[in-house]
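Asker: Sharing a structure below in structure tokens format, with a few things to ask.
The values are calculated or read from the model by the stated rules, or taken from the named source; none is laboratory data. Quick caveat: nothing in here was measured; it's all calculated off a predicted structure. When we count neighbours, we look across all protein chains shown, and the Cβ atoms used for this are built from the backbone with ideal geometry, even at glycine. Quick note on the areas: whole protein, heavy atoms, side chains included, nothing else; ligands and nucleic acids left out. Shrake-Rupley method; radii C 1.70, N 1.55, O 1.52, S 1.80 Å.
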Amino acid sequence: MATKKKTKAKSKAAVKKAAEKKAAKKVAKLKARKPAAHAAASNGLPRPSAKPWGAAGRALDGVKILDFTHVQSGPTCTQLLAYMGADVIKVERPGVGDITRGQLRDVKGQDSLYFTMLNGSKRSITIDSKHQKGKEILERLVKHCDVLVENFAPGALDRMGLTWDYIHKTNPRMIVASVKGFGPGPYEDCKVYENVAQCAGGSASTTGFRDGPPLVTGAQIGDSGTGLHLALGIVSALFQRIRTGRGQKVLCAMQDGVLNLARVKLRDQQRLQHGPLTEYSQHGEGIPFGKATPRAGNDSGGGQPGWILKCKGWENDPDAYSYFITQAPVWGAICDLIGKPEWKTDPDYATPPARLPRLRHIFDTIEQWTMTKTKFEVMDICNKYDIPVGPILSMKEIAEEESLRATGTVVEVDHPGRGKYLTVGNPIKLSDSPADVRRSPLLGEHTDEILRKVLKYSDKEIADIKVSGAITPPEKPAKAEAA
């Protein structure tokens, strides 16, 4: 009996030893062949996808955005998230929608380019947020979505009943992201638009020529710039939620966003306390600085002097110009190109400090050369010598630039009402997550689809909602018949 038990124990030990040996062999094989996969598996992370690059889904697949945005700053943010793969559900007022649908129309009766170029790849649902059934739909959306994005005037979301406490109680994982004009402080209740933000954020005071008024820039750094900042905040909050399991508030003030983009001017404000800004043209012209960072015309924001110069055809073409930077390492090549080889050894021009008081004369001389070349010839010639230049491209030239079409930066989409139009694609390129740039939605186009497939309303419930008026514009009162 004892011998039998001993034999059985030996058999079990042998099986266990063989199993351990087999497992060790398997692990060693895995380590040898797929070290990254083994490391991922041992850390509880998913194994690297075996699918071809670009076929493993988009970066934000599965993320659901409740989009309460309008005009430009908020829609910029949510469109970028949609390009990245998020399901963006745009909530609009029945019969009205985003105000930009009707602003600056170029095709009668159709959504404007203002709207279509900021709301691509989204779905639209119409909801009357004041209607009881409308509130019920919104509550389901809050429970369903990961992020709520809004750029209403201060207090508007609270008046809709969508307070932070209500949202967080309804869905503790929800992230609430907001664009506001100003952050907390004396101006936080003020309404802000693009140019107001540029002025309050320090951009306008430092843009233009020193003997002229402040200028706003054509780039929408207040609206679209803040939308881009908000998108980064949302993605960061989503990443943190993986650790914490809870949502949070994300705030981007337009004033803050503009200041972030104009940070080099705040840099110069501090440098000014220690002496003149020697790379500014006015220093070389002997014009004293005031107490604040001045407007610098076309001076470079970096340490290398630069200016916009006329090119061949400038008399008839307002964009026949090129930006030219006199970078120190290529100064010799510049001198040779413009026919001033003697400047390479002349003590008045040979070194960057010596050139600073003479920048106006230097650029005037370079311009005599650029005026004999087209802006594209200037670029071709200078690039051979690593001289940094850039042609001033008109919006027409950008719209027709084939390389921008090829990279998906400029995309042509087809709209059922207005036909084909150009839009700006995803400016951020991911190698394993191609952007899906689709047309903007018609007003309420996906209402039924969202109620049925996303929120799981039954046919009867959807019929009741339609009859209730929660998703349709109110009926206009009938006109009284003439007596």
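Asker: Wrap a convex hull around the Cα atoms of the stretch 245-285, take a quarter of its surface area, and give that in square nanometres.
Answerer: Over all viewing directions, the stretch 245-285 projects a mean Cα-hull area of 4.8 nm².
Asker: Turning to a different aspect of this structure: Counting Lys +1, Arg +1, Asp -1, Glu -1, what net charge surrounds residue 226 among other residues with beta carbon under 10 Å of its beta carbon?
Answerer: Residues near residue 226 contribute -2 overall.
Asker: Please identify the GluC sites (Glu not before Pro) of the stretch 174-280 that satisfy two criteria: DSSP loop assignment and at most 15 other Cβ atoms within 10 Å. Which are they?
Answerer: Hits after loop and neighbour filter: 188.
Asker: Roughly what percent of Cα-Cα pairs across the stretch 321-473 reach past 27 Å?
Answerer: 56 percent
Asker: Determine the per residue accessible area of the chain with all protein chains present and a 1.4 angstrom probe, expressed in square angstrom.
Answerer: Normalised by residue count, the accessible surface of the chain is 56 Å².
Asker: For every other residue with a beta carbon closer than 9 angstrom to the beta carbon of residue 254, add +1 if it is Lys or Arg and -1 if Asp or Glu, then tell me the sum.
Answerer: After counting each charged neighbour, the total is -2.
Asker: For the stretch 245-333, compute Rh as the Kirkwood radius over C-alpha pairs and then the Stokes-Einstein diffusion coefficient at 10 °C and 1.306 mPa s; write the answer in µm²/s, rounded to an integer.
Answerer: 98 µm²/s
Asker: Check residue 175: other-chain or 5+ apart residues with amide H under 5 Å from its amide H, H built from backbone geometry?
Answerer: Those lying under 5 Å, H to H, from residue 175 are 147, 148, 248.
Asker: On to the next question. Given that compact globular proteins tend to follow 2.2 N^0.38 Å, what is the ratio of the alpha-carbon Rg of the stretch 225-273 to that value?
Answerer: Working it through for the stretch 225-273, the quotient is 1.54.
Asker: Report, to the nearest whole %, how much of the accessible area of the chain belongs to carbon and sulfur atoms, 1.4 Å probe, protein only.
Answerer: Carbon with sulfur: 57 percent of the solvent-accessible area.
Asker: In addition: Computed from these coordinates, which is Cα extents along the principal axes in Å: (i) 106, 106, 46; (ii) 64, 48, 47; (iii) 69, 66, 43?
Answerer: Structure-derived value, by its label: (i).
Asker: Running Debye on the stretch 331-415 with equal point scatterers at the Cα sites and no solvent, what base-10 log of I(q)/I(0) appears at q = 0.11, 0.22, 0.25, 0.26 Å⁻¹?
Answerer: Values returned for q = 0.11, 0.22, 0.25, 0.26 Å⁻¹ are -0.45, -1.08, -1.28, -1.34.
Asker: How large is Rg/Rh for the stretch 198-314, to two decimals, with Cα atoms and a Kirkwood Rh?
Answerer: Result for the stretch 198-314 is an Rg/Rh of 1.12.
Asker: Structure shown: which of 108/375; 51/143; 265/373; 191/396; 90/420 lie over 29 Å apart, alpha-carbon to alpha-carbon?
Answerer: 108/375; 51/143; 265/373; 191/396
Asker: List, in order, the whole-Hz ³J(HN,Hα) value for each residue of the stretch 174-183 obtained from phi through the Karplus relation with A = 6.51, B = -1.76, C = 1.60 and θ = phi - 60°; use x for Gly and Pro.
Answerer: Once rounded to whole Hz, the list reads 6, 9, 10, 10, 9, 9, 10, x, 10, x.
Asker: Count charges around residue 129 for me, please; just the other residues with Cβ under 15 Å from its Cβ, Lys/Arg as +1, Asp/Glu as -1.
Answerer: -1
Asker: How would you classify the stretch 106-210 from its alpha-carbon gyration tensor, with a ≥ b ≥ c the square roots of the eigenvalues: rounded for a/c under 1.5, else prolate if a/b is greater than b/c, otherwise oblate?
Answerer: Oblate, because a/c is 1.5 or more while a/b does not exceed b/c.
Asker: Over all Cα pairs of the stretch 429-474, how is the pair count split among 5 Å bins, expressed in % and running from 0 up to the last occupied bin?
Answerer: The percentages, shortest bin first, are 5, 17, 19, 18, 12, 9, 9, 5, 5, 1.
Asker: Next up: Out of the trypsin sites (Lys or Arg not before Pro) in the stretch 319-387, which ones are loop residues according to DSSP with at most 11 other C-beta atoms within 10 Å?
Answerer: 384
Asker: If you restrict to DSSP beta bridges whose two residues both lie in the chain, what percentage is antiparallel, to the nearest 5?
Answerer: 40 percent
Asker: Rounded to the nearest 500 deg cm²/dmol, what is the calculated helix-only ellipticity per residue at 222 nm for the chain, with -39500 (n - 2.57) per DSSP H run of length n ≥ 4?
Answerer: -11000 deg cm²/dmol
Asker: If you plug each phi of the stretch 203-213 into the Karplus form 6.51 cos²θ - 1.76 cosθ + 1.60 with θ = phi - 60°, what whole-Hz ³J(HN,Hα) values come out, in order, with x for Gly and Pro?
Answerer: Per-residue couplings from phi come out as 6, 5, 5, 10, 10, x, 9, 4, 9, x, x Hz.
Asker: Shifting gears a bit: Based on alpha-carbon centroids, what's the gap between the stretch 426-451 and the stretch 267-311 in Å, whole number please?
Answerer: 44 Å
Asker: If you place +1 on the Cβ of every Lys and Arg and -1 on the Cβ of every Asp and Glu, how big does the dipole about the Cα centre of the chain come out, in debye to the nearest 20?
Answerer: Rounded to the nearest 20 debye, it is 4980 debye.
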